[in-house]
Amino acid sequence: MAGLPGTTDRRIDALLTLLAENSTIVVSGAKIAKEIGVTRQQVWRWIEQLRQLGVRVKGHPRTGYHIERVPDILVPQMLSHRLYGTPFARRIFHFFKVDSTNSVAMQLGESGEAHGAVVLAEEQTAGRGRAGRSWASEKSAGIYCSILLRPPVPPAHAPLLTLVAGLAARDAAAEDLDALPDIRWPNDLLVGGRKFCGILTEMHAEPDRIHHAVVGIGINVNQPKMPADLAAIATSLRIETGKAHSRFELLIRLLQYFDRYYNQFLADGALPVLRRFAQVSSYYEGKRVRITTATEVFTGITAGLEPSGVLRVARDDGRGIEAVLSGDVAEAS
Ligand code: BTN
C-alpha cells in the first residue's frame, strides 16, 4: 500500500486480493496480469513466491490460477477496506520479514509519517519486548503490529496509551477464547495464567508534548507450541483452544477496538479507560504482587490505578502506597 524499502510490493498485495476475492473461480494469468499491470511471467513468478510462503494456489499459466484457501496473510489492501473510517485504513506498511515493526514505526514517526500509520510483519528477526527482552516472532504464527500515534496529550499520560492498547487487544482476543483473558498491569494479556500478548510503547517526547508514540502489539495466535524456555509462562490462542484462528480477523478487531478506546480517551479523558481496566483486570485491586523495578523488588497488594494509569501498591513492608510507574509485576503467593 505505501512505499518504503522492504515493504511488500503492492502488486503482490493486489494479486493476493484478486485471488482471494475470486477464491471460488479460476482466474486466467492474462486477466491477473492486465488487472495489476505486470507481465504474465511476473504473475507466475509471484505465484511461485507465494507458494513458497505456504499460500496454496492451484493451476499454472495456461489454465489460470485458483486459490485453494484464502491465506491468513495480513494483506494491506484487504485490511484497508475493512478498516475504512478509522485512521488505520490509509497507511498500512506490510513486510514479509523485518527486524522489528516498532523500529520501523519509530523511524516513520521521525520522518513525519501521519498519525495512524500501521506497520505489520509476517515475521520479525529482532522483535523487541519490554525491559530489553526479545519477542519471539515466528513466521505467520502471530500478529506483529505497531501503530504510530501523534496523541495530543502530555507525556505523563503515555501509560494510558498502553492501557488503551491492552484493553483493545483484550477485547479483540476475548472473541477467540473460551476463557476470559486477564490483563496484568500494565499490558500483559494472560489466559490460564500464561501470557499470549505483550505491548511495547515507545515514544519521542518533549517535556510538555508527545512528538510521536508507537504502540507495538505482539499476539501469539497460531503457534502450535511455544519455545521450550517460554512454555511455562507463555501460550497462544491455538494452544488454549486447540484450533487455528484468523490473524486477519483478529487484527481488524484489534484496530477497531483500539480506535474506539483511543477516541473515548481523547474525548472523555482517562476515567472510562480506568473504569474498563478495573472491570477486566484481576490485577486492578486486591492482588498480592511482587514488583521488580529498576531499583528494588518488593511485595504488596494492588490498590487501583492513579489517574495517569500508574499502578498503586500497598507495600507489605509498611511503607505505605507506592505508585509504580514502570516495572515487572508478578502474582505473589
Ligand atoms: C512485552 O511484553 O515485552 C512487549 C512485547 C511487544 C512485542 C511487539 S511485536 C510488534 C512490536 N514490534 C516489536 O519489536 N515489539 C512489538
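The values are calculated or read from the model by the stated rules, or taken from the named source; none is laboratory data. The structure displayed is predicted, hence computed values, not measured ones. Neighbour counts are summed over all protein chains in view; Cβ atoms, including those assigned to glycine, are modelled from backbone coordinates with ideal geometry. Side chains are part of the model used for accessible areas, which takes the heavy atoms of the whole protein and leaves out ligands, DNA and RNA. Shrake-Rupley method; radii C 1.70, N 1.55, O 1.52, S 1.80 Å.
Just so you know, in segment 189-198 the residues that are without any contact (Cβ under 8 Å) to a residue 60 or more places away in the chain and assigned to a strand (DSSP E or B) include one that is farthest from the ligand (Cβ to nearest atom), and it is Val191.
Could you look through segment 228-285, keep only residues that are over 16 Å from the mean Cα position of the chain (by Cα) and among the hydroxyl-bearing types (Ser, Thr, Tyr), and pick out the one that is farthest from Pro307 (Cα to Cα)? Among those that are over 16 Å from the mean Cα position of the chain (by Cα) and among the hydroxyl-bearing types (Ser, Thr, Tyr), it is Thr241.
Of the residues making up segment 96-114, those that are touching a Ser or Thr at 6+ places or on another chain (Cβ under 6 Å) and surrounded by 19 or more Cβ atoms within 10 Å (Cβ to Cβ) are Thr101, Asn102, Ala105. Pull up segment 176-188, narrow it to residues that are touching a Ser or Thr at 6+ places or on another chain (Cβ under 8 Å) and either of a type outside the set (A, V, I, L, M, F, W, C) or away from the ligand (no atom under 15 Å from the Cβ) (or both), then point me to the one that is most open to solvent (accessible area, probe 1.4 Å). Residue satisfying both the conditions and the ranking: Asp178. In segment 204-261, the residue that is farthest from Glu123 (Cα to Cα) out of those that are touching a helix residue (DSSP H, G or I) at 6+ places or on another chain (Cβ under 6 Å), of a type outside the set (A, V, I, L, M) and within 16 Å of the ligand (Cβ to nearest atom) is His212.
The residue pairs whose first member lies in segment 85-100 and is charged (D, E, K, R), whose second member is within 13 Å of the ligand (Cβ to nearest atom) and open to solvent by 10 Å² or more (accessible area, probe 1.4 Å), and whose beta carbons are closer than 8 Å, counting only pairs six or more residues apart or on different chains, are Lys97/Glu123; Lys97/Gln124; Lys97/Thr125; Asp99/Gln124; Asp99/Thr125; Asp99/Ala126.
For segment 29-66, a residue qualifies if it is in contact (Cβ under 8 Å) with a residue 40 or more places away in the chain and out of contact with any strand residue (DSSP E or B) (no Cβ under 7 Å at 6 or more places or on another chain), and the qualifying residues are Leu53, Gly54.
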